[in-house]
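Written out below as C-alpha cells is the structure these notes cover.
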Amino acid sequence: MLEDSHKNDSLKLSHKWHTKSARAGYPRAMAEEGYFIIHDWVSGTLKDAFNYFQKAVEAGYKKAHYGVAECYLYGWGVEQNYEQAVELLTIAVEHGNGDAQNLLGYCYEHGQGVEKDFNKAVEWYSKAAEAKKYELEQEAEMRKIKAEAEKYAAQQEAEAQVAKATALKD
C-alpha cells in the first residue's frame, strides 16, 4: 500500500513537471499532454488536446501531425474534417508513422476524406503491418542486446568479486 502511494506521488510530480514543460512550449511535451488528455490520464477537454497537438506541430514536432489528424478524423476538440485528417495522416506517414498508415487504410476502406478504394486500403493496411513488424523486430533486438549487456555486466561483477576475495585471502 505504501509503495502504491509513493508511486502515485511520483506520477503526480512527474505529470506536474511534464505539464509545465508543455505550457513552456516544449513540443514533445505538448504532444504528449494531448495524448494524456485523449486517454483520460489527466484532466482536460478534447479542445485542450487538439490545441496541444496543433501547437506541437507549429513548433516543428513532426510526430504531432498524427494527433492533429486523429482529432480531425474523430472530431475531438475540433469540427470533424475527413479531408484535413487524410492530409495530416499523409504528412505523418511521410515522417514514418505506422499508425498513420493504418488510419489511412481505414479512411480508404470507409471512404472518409478520400474516395472509397479497397485496393488502396489493403495497401495501407499492409504497409502498417510491415511497419509494426519492423518495430517489433527492433524491439526484440534491443531486448536481446540489453540481456547480453546485463549478462556481461554480471560476469564482470562476479569476476571483480572473485578478484577481491582472492586479494583478501592473500
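The values are calculated or read from the model by the stated rules, or taken from the named source; none is laboratory data. All values derive from a computational prediction rather than experimental measurement. Backbone-built Cβ (ideal geometry, glycine too); neighbour counts: all protein chains shown. Surface areas here come from the heavy atoms of the whole protein model, side chains and all, with no ligands, DNA or RNA. Shrake-Rupley method; radii C 1.70, N 1.55, O 1.52, S 1.80 Å.
Here's a check for you: in the range 111-170, which residue that is touching a Gly at 6+ places or on another chain (Cβ under 6 Å) and of a type in the set (Gly, Ala, Ser) is surrounded by the most Cβ atoms within 10 Å (Cβ to Cβ)? Even if it seems obvious, please write down each step before you answer.
Going residue by residue through the range 111-170, those that are touching a Gly at 6+ places or on another chain (Cβ under 6 Å) are 121, 124-125, 128, 131-132.
Narrowing further to those that are of a type in the set (Gly, Ala, Ser): 121, 128, 131.
Working: Ala121: 19, Ala128: 21, Ala131: 18.
Among those residues, the one meeting the criterion is Ala128.
Given the conditions (1) modelled with pLDDT of 90 or more; (2) more than 18 Å from Tyr72 (Cβ to Cβ), report the number of the one that Met1 does not fulfil.
The one condition Met1 does not meet is (1).
Looking at the range 1-18, can you tell me whether even one residue there is of a type in the set (Gly, Ala, Ser) and either under 28 Å from Ala129 (Cβ atoms) or buried (at least 18 other Cβ atoms within 10 Å of the Cβ) (or both)? Working first, answer last.
Of all residues in the range 1-18, those of a type in the set (Gly, Ala, Ser) come to 5, 10, 14.
From what is left, the residues that are either under 28 Å from Ala129 (Cβ atoms) or buried (at least 18 other Cβ atoms within 10 Å of the Cβ) (or both) are none.
Within the range 1-18, not a single residue is of a type in the set (Gly, Ala, Ser) and either under 28 Å from Ala129 (Cβ atoms) or buried (at least 18 other Cβ atoms within 10 Å of the Cβ) (or both).
Kindly list, by first and then second residue, each pair from a residue in the range 71-87 that is free of Cβ contacts under 8 Å to residues at least 12 places away in the same chain to a residue that is outside any helix (DSSP H, G or I) and open to solvent by 70 Å² or more (accessible area, probe 1.4 Å), limited to pairs with Cβ atoms under 9 Å and residues at least 6 apart or on different chains.
Every condition considered, the pairs that remain are Tyr74/Gln80.
Looking at (1) buried (at least 21 other Cβ atoms within 10 Å of the Cβ); (2) farther than 19 Å from Glu123 by Cβ; (3) of a type in the set (A, V, I, L, M, F, W, C), which is the one condition that is false for Leu89?
The one condition Leu89 does not meet is (2).
Any idea which of Gly96, Gly60, Gly67, Gly44 is exposed (fewer than 14 other Cβ atoms within 10 Å of the Cβ) and farther than 20 Å from Ala121 by Cα? Talk me through it step by step, then tell me what you get.
Values: Gly96 fails: farther than 20 Å from Ala121 by Cα; Gly67 fails: exposed (fewer than 14 other Cβ atoms within 10 Å of the Cβ); Gly44 fails: exposed (fewer than 14 other Cβ atoms within 10 Å of the Cβ).
Just one listed residue meets the conditions, Gly60.
Of all residues in the range 58-90, how many are modelled with pLDDT of 95 or more, within 16 Å of the chain's Cα centre (by Cα) and not small (Gly, Ala, Ser)?
6
Pairs needed: first member in the range 119-144, at positive phi; second member anywhere, part of a helix (DSSP H, G or I) and open to solvent by 70 Å² or more (accessible area, probe 1.4 Å); C-beta distance under 8 Å; at least 6 residues apart or different chains.
Matching pairs, first to second residue: none at all.
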